[in-house]
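Worksheet: the structure to be examined is printed underneath.
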Amino acid sequence: MTLRAFRAEILSVARDPRTHPDAVRHEVDGLLVVEDGIVVARGDHDALRERWGGVAVERVRGLIVPGFVDAHVHYPQMDHVASHGEQLLDWLTRHIFPAERAFADRAHADAVAAAFLVELLRNGTTSALVFATVHAQSVDALFDAAMHQGMRIASGKVLMDLGPDGLVDTPEEARSDSEALIARWRGRGRLSYAVTPRFALTSSDAQLSVAGDLLVAHPDTLLHTHLAENARECVAVAERFPDAHDYLDVYDRFGLVGARSVFAHGVHLPDRACARLAKSDAGIATCPASNLFLGSGTFDLAQADAHGIRVGLGSDIGAGPSFSLLYVAGLAYQAALARGRALDPFRALYLATAGGAALLRITDRVGGLLPGQEADFAVLDDSATPLLARRTRGATLAERLFALQILGDDRVIARTYIMGECAWNRDGPASSDPEGQYDRR
Ligand code: GUN
Ligand code: ZN
């Protein structure tokens, strides 16, 4: 048994403050006690000191928050961020499909998966719902690497029988590969499986039916796909499915809309679809950095709130250019403001942590740094840059948090802990890794 304690300022928002105004939990001088990776106590240092007096206390400089939960990200695209010139459909054809073909090579997938997970850690992200590629082994590569890091990762083989040459499967392969992956990985480490049709345009009706069958056969899996992201995509979907009420209805007809469904984007949704999302208890991973990068538009958070839809945040690497969910939260604020309503920084923190965990159905495990949960957390340094230091000096907690979201990125992540163990230390010794600085613990 290992028992350890961390003394620091601690902040978490375990419930949506829009509906739970008392959800913000903050200790100015807090103590987090961790036993075998699980939080066993959390509160004011002075109040807990006596009870946990014998435990070795690590003094942590910075603000401890729950590890971020990236509710939508593509690991095979990390080396193709910042690809110039196109909106979604042309960007996929010109930049992304060629990049994903390379994942037929297991060694390439292994190398990218390892670098991807470290990049998550560098940015304070400890859990994620991840797109792999159409190749089953791309999922094996990611899950193997996640087991090695001890991270909480959900992923699945991408289903795309209408994909471009070299990046297609068949409905039969979609079924057998997914079944084999579920059998191979179920119950291992901190992993979970997501049935992952790429989007409506790259799957035949027969393959969308297979996705529905998989969800029925494996009720513990998630459904992960894209929804109503970009204007031209929406036109193409309406042309292919003229009988559907709207884009969401396409998925609904194949049994893909339910309480374990996570839809990325949802920028262009009619009220009917919003009502259906809320009724089914499905969630949206909003990806404001990606939406801006691909010219897709701005997510209507007020519309989602009016319907009571559950929302989390996604980086959507590589359409999104940053792994930092702080940066993404800052853009979520700007996207909401463009639609006329400011996003509160505590709510933004919720979306980046417990909100994402709720989409992945892991709130019993992570997201709030509450007793009984796993001790995944990030340490934020609000003096990481000269401007941040000036802006946060003497500021209120809300002002500091907002400044971290608007001015912050990987530079403010001083440390990231997985199950109470330091997995990334910004200020640790530089590594001998010739490709970069990917080994700081
Ligand atoms: N829609 C279908 N595939 C993709 C993808 O890879 N990225 C984004 N942003 N949208 C998609
Ligand atoms: Zn995406």
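Where a number appears in this text, it was derived from the coordinates with a stated rule and is not lab data. The model shown is predicted, which means the values in this text are computed figures rather than measured ones. We place every Cβ from the backbone using ideal geometry, glycine too, and count neighbours over all the protein chains shown.
Laid out as a table, the results:
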item	result
Contour minus Cα-Cα distance for E179 and D427 (0.36 nm per residue)	85.0 nm
Three-way shape label, the stretch 81-201, alpha-carbon gyration tensor, a/c 1.5	oblate
Phi to ³J(HN,Hα) by Karplus 6.51 cos²θ - 1.76 cosθ + 1.60 over the stretch 110-125, Hz, x for Gly, Pro	4, 5, 5, 4, 5, 5, 4, 5, 5, 5, 4, 4, 4, 9, x, 8
Radius 13 Å from Cβ of P371, net charge of other residues (Lys, Arg +1; Asp, Glu -1)	+1
Radius ratio Rg over Rh of the stretch 283-441, counting only Cα atoms, Kirkwood formula for Rh	0.98
Ordering of 317-326, 349-358 by packing [mean C-beta count within 10 Å, highest first]	349-358, 317-326
Calculated SAXS-style log₁₀ I(q)/I(0) at q = 0.25 Å⁻¹ - the stretch 147-241, Debye, Cα scatterers	-1.27
Candidates I413, I362, I64, ranked by Gaussian network fluctuation over the chain, Cα under 10 Å, top entry	I362
Alpha-carbon centroids, the stretch 339-378 and the stretch 54-98: separation in whole Å	16
Where labels lie 7 Å past Cα in the beta-carbon direction, separation of H26 and D44 in nm	1.5
Crossing angle, helix 205-217 versus the chain [Cα axis fit, 0-90 degrees, rounded to tens]	40
Point-to-point label distance, A206-E58, nm (Cα→Cβ direction, 7 Å offset)	5.4
Rounded tilt (10° steps) of 397-407 against the dominant C-alpha axis of the chain	50
Dipole in debye (nearest 20) - the stretch 244-339, about Cα centre, beta carbon charges: Lys, Arg +1; Asp, Glu -1	120
Over the stretch 1-141, relative contact order from alpha-carbon pairs under 8 Å, at least 6 apart, %	23
Normalised per residue, the volume of the convex hull around the Cα set of the chain (Å³)	138
Mean Cβ neighbour count within 10 Å, used as a protection proxy, ranking 299-312, 372-385 highest first	372-385, 299-312
Note, ³J(HN,Hα) from phi for the stretch 287-292, Karplus 6.51, -1.76, 1.60, rounded to Hz, x at Gly and Pro	10, x, 5, 5, 4, 6
D (Stokes-Einstein, µm²/s), Kirkwood Cα radius, the stretch 271-324, 0.890 mPa s at 25 °C	209
Whole-Å distance, taken between Cα centres, linking the stretch 111-135 and the stretch 143-215	16
Summed residue charge, Cβ within 12 Å of R61's Cβ, Lys/Arg positive, Asp/Glu negative	-1
Theoretical FRET efficiency, 1/(1+(r/R0)^6), r = Cβ-Cβ of R272 and A236, R0 30 Å, to 0.05	0.90
Karplus-derived HN-Hα couplings along the stretch 128-144 (A = 6.51, B = -1.76, C = 1.60, θ = phi - 60°), whole Hz, x at Gly and Pro	7, 9, 10, 6, 9, 10, 5, 7, 4, 5, 5, 6, 4, 4, 5, 5, 4
Fraction in percent of alpha-carbon pairs per bin - 10 Å, the stretch 213-291	18, 52, 27, 2
Long-range Cα-Cα pairs in the stretch 1-97 (distance over 16 Å), rounded percent	68
Distant-in-sequence amide H partners of A285 (H built 1.01 Å from N, under 5 Å)	F263, A264, H265, G312
Space enclosed by the convex hull of the alpha-carbon atoms of the stretch 191-258, per residue, Å³	81
Relative contact order %, the chain, counting alpha carbon pairs below 8 Å whose residues are six or more apart	19
Test item: Cα-centred dipole of the stretch 1-61, Lys/Arg +1 and Asp/Glu -1 on Cβ, debye	100
For the stretch 324-396, convex hull of alpha carbons as volume per residue, Å³	120
Of every Cα-Cα pair in the stretch 168-218, the percent that sits beyond 18 Å	29
Stokes-Einstein D for the stretch 273-366, Kirkwood Rh over Cα pairs, 4 °C, 1.567 mPa s (µm²/s)	97
